[in-house]
Amino acid sequence: MSKHKSGKRLNKKRLVEMLQALFQQSPNETFSFKQIFQKLKLSTHPAKMMAVETMDEMAWDDYLTKAGDNAYKLNQKTQVQEGTFIRKANGKNSFQPDDGGKPIFVSERNSLFAMNGDRVRVAMMARRERHIKEAMVVEILSHKVDQAVGKLKVEKDYAFLVTEGNIFVHDILIPKKKLKGGKDGEKAVVRITQWPSKESKNIVGEVIDVLGKEGNNDVEMHAILAQYGLPYKYPKHVEEAAEKIDPGITPEEIKRREDFRDVWTCTIDPKDAKDFDDALSIRSVPLPPSRRGGTLKASSTGGGLEGAALYEVGVHIADVSHYVKEGSVIDKEAVKRATSVYLVDRTIPMLPERLCNFICSLRPDEEKLCYSVIFTLDNEANIKDYHIAHTVIKSNRRYAYEEVQEILMGKDGDYTEELRTLDRLAKRLRERRFKGGAVKFDREELHFDVDEQGKPTRAYFKKSNDATQLIEEFMLLANRTVAEHIGKVKSQSSKSKSQTSKSKTFVYRVHDQPDPTKLETLREFVVKFGYKLKTAGTKGAISRSLNALMDSCQGKREQKLIETVALRAMMKAKYSTHNIGHYGLAFEYYTHFTSPIRRYPDTMVHRLLTKYQDGARSANQEKYEELCEHSSDMEQVAQQAERDSIKYKVVEFMGDKIGNEYDAHISGIQSYGIYCEIDENHCEGMVSMRDLDDDYYDFDERNYCLVGRRHHHKYQLGDPIRIRVARANLEKRQLDFVLAEEK
């Protein structure tokens, strides 16, 4: 065995590590053989020859690049990449490259103590022994989080925060003087003041807020929000700014707007809603003497809808941008939040309560400022005309969905003719939308009734019905029309040629086509149940085939299974200034215009529309694309927090039902166990793989099932199953089931 200068034995593994360290410390530098021998203190001929051979192999691995006959440098093109660090509790960490490539393994010793979600720069390691691609973190570019939530452990001489999940390598040390009064066992929010380093592996922090005792409903909901870096209270200076806003509507402001105060108007929302940001109006319009042009004159308020040839339907949206000026303290806070967050028992609003529940909320019998899309529709809901205008309205009635549903089903109530006419038009719009290729995914949502302490008393699924679909169709129509109004630029003729001018910068809600590989997997999967699916052809042909599949499996045992697998093939919708259309809705142009109280992109759309109506040039695309990306990210974070609040309430609801047995069905399958949803109350828990002790089960990821090696028993998505509630761990938001013994 060769020796280097120090006299220690030098093997190939050790030499690879030395060379990697040398090139990674100076990624831009070229080293000659002489420099390499000197820096690594290789003095003997065998050691030098071993280094030359090893570098040849590292170049073959694409780890190094030759720079002349006797020199090498790090191959940065393929070996130094940036991306996201993914930390796993089992130590199988990975690096996700920005270019969307496959995750690459990162061992704990090469992680540089990076946290889950951190932006990192890595260098690829040479594949000498296991031929497994492996990366080493060489720099942490930015930490995803700078605060944590957990339970305080306070001892005599020290304190630390115990956190759940896999974000942090160790518990967070807290100097006693930085506890802010926090006591042992209390939940707290901690800001990180010192990250791990080579000198110290400790994470050090300071308490910025003591949430309170574990198990208290407010404490637990605030902890979920803090875990995702979401605010759980409003800054005082922002609320003070909202209090100073004058809600009064001046005669001068009314003159600048179209007046709809005498037109029948209503809002339709969930029964517990407080922020009413959209309203509908309807009145009949007589046929004009000539169809060659001119303004259509509408009838007076109410009545006269039966037998009408044309209807004027107004989609009226709270004019938030009139009150929230760009760059103001309220606007800056809204940008940061980007969305309202809806936990099981509360709403964390994007705007201060004075705005979202009072000034901008379209409450009945109050004059309100709106931004509206006014449609002239015929009996088949074809658009004969439309215009977009700032308006003033006065809602006649506030409805809950349940009230409207009863009226649509035949019960007498207020303004039945108006509601039934709107419903009839909405059904035409919906029918045409699906005929045009929109994908049918009417997913049920789990909801809870809670008492005054926030404790869940009932769990149930909310299903889509005619009342919710009525509102949905007119909101979709308004959103699509606004997007087309800006994005769809008409050709301008000239004597010599026709040319199309470029559309102005705008905010779109986009949804890409399904992943072709996942779609093919879905096709192969549904064939086993006797179904067909097209995966090639036009977008419309594929979506119609998907809809036919959804219709065919309705009411069948495999329905939920097929719906789940189909959803996994779909891409996520997001915001962008680059319009690629909305696949799920089958719209070439789509935006979000209808909820500026709870979504910041809608406020951006209102502002851009106003600017362009006033003749402004195209806005800065880079600025709006950045805001779109931020809004998309915050939407995902809010959804994660919402899901966690549901998980918590599921566990809390089932906490007094330990030992009870239920009929359920398999709702999810992973390598570590099967998720089961109780048929009676829709609560989901997991049967761990360790509790499936009658056989050794292999996870068949492609077919979404577990298969026993000896007895070949199969557990598959959608299968009925009998379970017993074993454990309900509120701290981990984890509900554990075991299989009930067959009787």
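Values as computed for the structure displayed
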quantity	calculated
Greater than 18 Å apart at Cα, pairs in 649/732; 12/66; 539/560; 435/572	12/66; 539/560; 435/572
Euclidean distance of C-alpha centroids, the stretch 340-394 and the stretch 71-117, integer Å	47 Å
Helix 516-527 vs. the chain, principal-axis angle (Cα, 0 to 90°, nearest 10)	80 degrees
Qualifying aspartates and glutamates (Cα of each under 17 Å from Cα of residue 574; at least 8 residues distant if same chain)	512, 515, 588, 602, 622, 625, 626, 629, 633, 635
Relative contact order [Cα under 8 Å, 6+ residues apart], the chain, whole percent	8 percent
The stretch 145-295, dipole about Cα centre (Lys/Arg Cβ +1, Asp/Glu Cβ -1), debye to the nearest 20	300 debye
Reachable aspartates and glutamates from residue 48, criterion Cα separation under 16 angstrom, eight or more residues apart if same chain	17, 56, 57, 69
Added length on full extension, which subtracts the Cα-Cα distance from 0.36 nm per residue, residue 142 to residue 671	187.2 nm
Net dipole in debye of the chain [+1 Lys, Arg Cβ; -1 Asp, Glu Cβ; about Cα centre; nearest 20]	3380 debye
Unsatisfied cross-links (Cα-Cα over 25 Å) in the set 332/623; 411/463; 34/198; 156/187	34/198
Residue 607 - accessible surface, heavy atoms, 1.4 Å probe, Å² rounded to 10	20 Å²
Selected from 666, 49, 561, residue furthest toward positive end of dipole (the chain; charges at beta carbon)	49
Built amide H within the under 5 Å cut-off of residue 64, gap 5+	59, 75
Theoretical ellipticity at 222 nm over the chain - DSSP helices of four or more residues, -39500 (n - 2.57) apiece, nearest 500	-9000 deg cm²/dmol
Heavy-atom accessible area ranking, 1.4 Å probe, most first, across 672, 704, 600	672, 704, 600
Accessible area in the full protein assembly, largest first, 1.4 Å probe, for 403, 220, 206	403, 206, 220
17 Å cut-off, amide nitrogen to a point 7 angstrom out along residue 246 Cα→Cβ, residues in the stretch 313-343	322-325
Accessible area (Å², 1.4 Å probe, nearest 10) - residue 682	40 Å²
The stretch 306-455 - charge dipole about Cα centre, Lys and Arg +1 at Cβ, Asp and Glu -1, debye rounded to 20	680 debye
The chain: angle of helix 466-487 to the longest principal axis, Cα-based, in degrees nearest 10	80 degrees
Candidate lysines for bridging to residue 384, where Cα separation is under 17 Å - those fewer than 8 sequence places away on the same chain excluded	297
Local electrostatic count at residue 374 - Lys and Arg +1, Asp and Glu -1, tallied over other residues with Cβ under 10 Å	-3
With all protein chains modelled, accessible area of residue 18 [1.4 Å, Å²]	30 Å²
Positive-pole candidate from 594, 203, 570, dipole of the chain, charges at beta carbon	203
The stretch 454-571 shape via C-alpha gyration tensor axes, a/c threshold 1.5	oblate
Candidate residues 115, 571, 409: accessible-area rank, largest first, probe 1.4 Å	409, 571, 115
Whole-angstrom gap from the stretch 653-731 to the stretch 584-638, using each part's C-alpha centre	42 Å
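The values are calculated or read from the model by the stated rules, or taken from the named source; none is laboratory data. The model shown is predicted, which means the values in this text are computed figures rather than measured ones. Backbone-built Cβ (ideal geometry, glycine too); neighbour counts: all protein chains shown. For the accessible areas, the whole protein counts, side chains as well, though only heavy atoms, and no ligand, DNA or RNA atoms are used. Shrake-Rupley method; radii C 1.70, N 1.55, O 1.52, S 1.80 Å.
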